[in-house]
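Some notes on the structure that comes next.
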Amino acid sequence: MTASDDRHPALTYASYLALDEVLGAQRPRSDEHDELLFIVIHQVYELWFKQILHEVGHLQTQLEGGHTAHAVRALRRILTILKVVVAQIDVLETMTPSQFTLFRARLDASSGFQSAQFRELEAVLGRRDDRVFEHYPAGSDARSRIAMAMSRPSVFDSFVHYLAANDYPVPTARNVREPVQPSAELQRILLQVYRDDAGPASVAEHLVDLDEGLQEWRYRHVKMVERTIGDKAGTGGSSGAAYLRTTLFRPLFPDLWAVRSEL
């Protein structure tokens with residue numbers, strides 16, 4: 001072995017993937033068999049949320065540059081990841097309510113409502129709601145990331161700029177800190193986008209797929225919670241399924257849905 005080899009050991013599968021850290025990150029607080037599954041599923045969710053945020057950032061760059069093919073590819077990857085995220089619920093639902101009850105008390109104040117990455121993703125996709133900050137102390141990194149996401153253009157803002165880059169006379173000036181409001185003017189232009197049936201129409205349809213995919217995730221999530229704990233309060237004092245039901249059927253991109261009846 002040379003001195004160089006000694007200073008820089010060969011990269012291995014385990015070291016490249018940091019498997020010692022990853023596989024050591026599951027720390028059940030009980031001896032119950034199903035707690036490990038619960039932890040692994042939620043850690044995998046967080047990894048997929050991290051990847052989706054990474055992909056959405058790339059998507060916005062491509063949209064704002066007016067690049068149809070690259071935007072469509074980014075959307076297809078995000079949609080495929082969402083399908084995997086939804087499918088994981090099938091695995092979690094192999095755990096019965098009584099099995100979850102055996103270790104639920106060990107979760108203390110922890111709750112899925114505290115997932116800062118999912119809140120950041122909601123903000124990137126257009127949610128503007130200061131109530132989300134109640135789970136994150138002032139000055140925390142999580143709160144700062146969510147606040148920054150709420151102060152930047154959303155995915156739909158990037159789509160509007162994409163339409164402008166493709167010579168559609170869309171209104172692009174708006175306060176990005178406010179929620180996107182349906183616009184009759186924009187809907188008239190979207191109708192023309194669909195009539196042209198070119199690249200921008202494909203991007204629009206993939207955004208509808210994204211909206212539908214997130215709504216599918218929300219629906220499966222609430223049904224899983226109802227199946228597991230019914231209408232009990234969630235861990236950490238959350239309202240559980242009652243709150244989750246209020247998130248159903250709220251479109252991310254209302255203008256893209258509004259034009260359906262005119263096509």
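Identification of helices (runs of 4 or more DSSP H) wholly contained in the range 144-241 with 1 or more residues that are within 16 Å of the chain's Cα centre (by Cα), surrounded by 14 or more Cβ atoms within 10 Å (Cβ to Cβ) and modelled with pLDDT of 95 or more yields 155-165, 199-229. Scanning the range 151-172 for residues that are under 27 Å from PHE133 (Cα atoms), without any contact (Cβ under 8 Å) to a residue 60 or more places away in the chain and either out of contact with any helix residue (DSSP H, G or I) (no Cβ under 7 Å at 6 or more places or on another chain) or not polar (S, T, N, Q) (or both) yields SER151, ARG152, ASP157.
Exactly one residue out of PHE249, PHE253 is open to solvent by 50 Å² or more (accessible area, probe 1.4 Å), out of contact with any strand residue (DSSP E or B) (no Cβ under 9 Å at 6 or more places or on another chain) and at pLDDT 75 or above, and it is PHE249.
If you check ASP197 against the conditions, is it farther than 20 Å from PRO254 by Cβ and of a type in the set (Asp, Glu)? When the stated conditions are applied, ASP197 passes them.
For (1) touching a strand residue (DSSP E or B) at 6+ places or on another chain (Cβ under 6 Å); (2) open to solvent by 70 Å² or more (accessible area, probe 1.4 Å); (3) closer than 18 Å to VAL124 by Cβ; (4) free of Cβ contacts under 8 Å to residues at least 40 places away in the same chain, each residue gets a yes or a no:
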position	(1), (2), (3), (4)
GLU21	no, yes, no, yes
ARG27	no, yes, no, yes
SER30	no, no, no, no
ILE41	no, no, no, no
TYR45	no, no, yes, no
LEU53	no, no, yes, no
GLN60	no, no, yes, no
GLU64	no, yes, yes, no
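You will find that of THR94, THR101, the residue that is assigned to a loop (DSSP other than H, G, I, E, B), farther than 29 Å from PRO200 by Cβ and out of contact with any Gly (no Cβ under 6 Å at 6 or more places or on another chain) is THR94 and no other. Do we find that ALA123 is more than 11 Å from the chain's Cα centre (by Cα), buried (at least 17 other Cβ atoms within 10 Å of the Cβ) and in contact (Cβ under 8 Å) with a residue 24 or more places away in the chain in this structure? No; evaluated as a whole, the condition is false for this residue. Every residue in the range 5-34 that is in a helix (DSSP H, G or I) and either modelled with pLDDT of 95 or more or on the phi > 0 side of the Ramachandran plot (or both), please. TYR13, ALA14, SER15, TYR16, LEU19, ASP20, GLU21, VAL22, LEU23, listed by residue number.
Taking the condition in contact (Cβ under 8 Å) with a residue 40 or more places away in the chain and in contact with a Phe, Trp or Tyr (Cβ under 7 Å, 6 or more places away or on another chain), does VAL203 pass?
Numbers: in contact (Cβ under 8 Å) with a residue 40 or more places away in the chain: yes; in contact with a Phe, Trp or Tyr (Cβ under 7 Å, 6 or more places away or on another chain): yes.
Criteria met by VAL203.
The values are calculated or read from the model by the stated rules, or taken from the named source; none is laboratory data. Predicted, not measured: the structure shown is a model, and the values here were computed from it. Note: ideal-geometry Cβ built from the backbone for every residue, glycine included; neighbour counts use all protein chains shown. We work out accessible area using only protein heavy atoms, side chains counted, and drop any ligands, DNA or RNA first. Shrake-Rupley method; radii C 1.70, N 1.55, O 1.52, S 1.80 Å.
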